[in-house]
1. Looking only at region 13-64, count how many residues are of a type in the set (Gly, Ala, Ser) and farther than 30 Å from Ala85 by Cβ.
2. Filter region 78-108 down to residues that are within 21 Å of Gln49 (Cα to Cα), at pLDDT below 90 and not β-branched (Val, Ile, Thr) and give me whichever is surrounded by the most Cβ atoms within 10 Å (Cβ to Cβ).
3. Being farther than 29 Å from Thr125 by Cβ and not basic (Lys, Arg) is the requirement here; does Thr43 meet it?
4. Checking Glu66 against (1) without any contact (Cβ under 8 Å) to a residue 24 or more places away in the chain; (2) surrounded by 14 or more Cβ atoms within 10 Å (Cβ to Cβ); (3) not in a helix (DSSP H, G or I), only one condition comes out false. Which one?
5. Residues of region 73-85 being among the hydrophobic types (A, V, I, L, M, F, W, C) and touching a helix residue (DSSP H, G or I) at 6+ places or on another chain (Cβ under 7 Å), which ones?
6. Find all pairs meeting these conditions: Cβ atoms under 6 angstrom apart; at least six residues apart or on different chains; first residue within region 95-106 and more than 18 Å from Glu66 (Cβ to Cβ) and of a type outside the set (Phe, Trp, Tyr); second residue assigned to a strand (DSSP E or B) and modelled with pLDDT under 90.
Amino acid sequence: MPSLGRDDGMKRPDEGYVLLEVMVALVVLLCGTLVVADSFRSTLRMDRQCQEMYQAALLLEARILEIEKTGQADISPVDEPGLGAVTWNQDVHETDVPGYRQWRLQMIWGQERKANQLELTTLTTN
């Protein structure tokens with residue numbers, strides 16, 4: 001009885017990859033590349049946010065040192081390079097301990113939807 005397929009006892013020689021295998025490999029490679037690219041983009045965004053926060057912390061520390069040295073701070077809005085428009089809020093309260101005041105200084109920068117803030121509280125003598 002004649003067979004319908006190749007049944008001559010010989011194995012098919014390795015002729016290379018099938019198109020489907022190549023396409024699956026390319027999809028896997030593309031997915032890996034996209035994950036790495038997204039991770040890199042996220043890292044750059046976090047680096048920028050860390051730099052902003054560091055610059056804001058230095059500016060806030062300078063204002064706190066000004067308060068501790070002179071007993072007052074300039075809280076007028078400023079345009080800071082790298083941060084943009086910076087606004088300040090401050091609260092000064094007398095403490096229960098005579099001769100000490102509590103200062104709360106808040107710094108707000110960025111656009112309305114992406115506004116950031118940093119706050120620091122310190123004690124000073126009268």
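1. So the answer is 5.
2. Top of the filtered list is Leu83.
3. yes
4. (3)
5. Hits for region 73-85 are Ala73, Leu83.
6. From region 95-106, the pairs are Gly99/Thr125.
The values are calculated or read from the model by the stated rules, or taken from the named source; none is laboratory data. Just so it is clear, the model here is predicted, and its values are computed rather than measured. Positions of Cβ are backbone-derived with ideal geometry, glycine not excepted, and every protein chain shown enters the neighbour counts.
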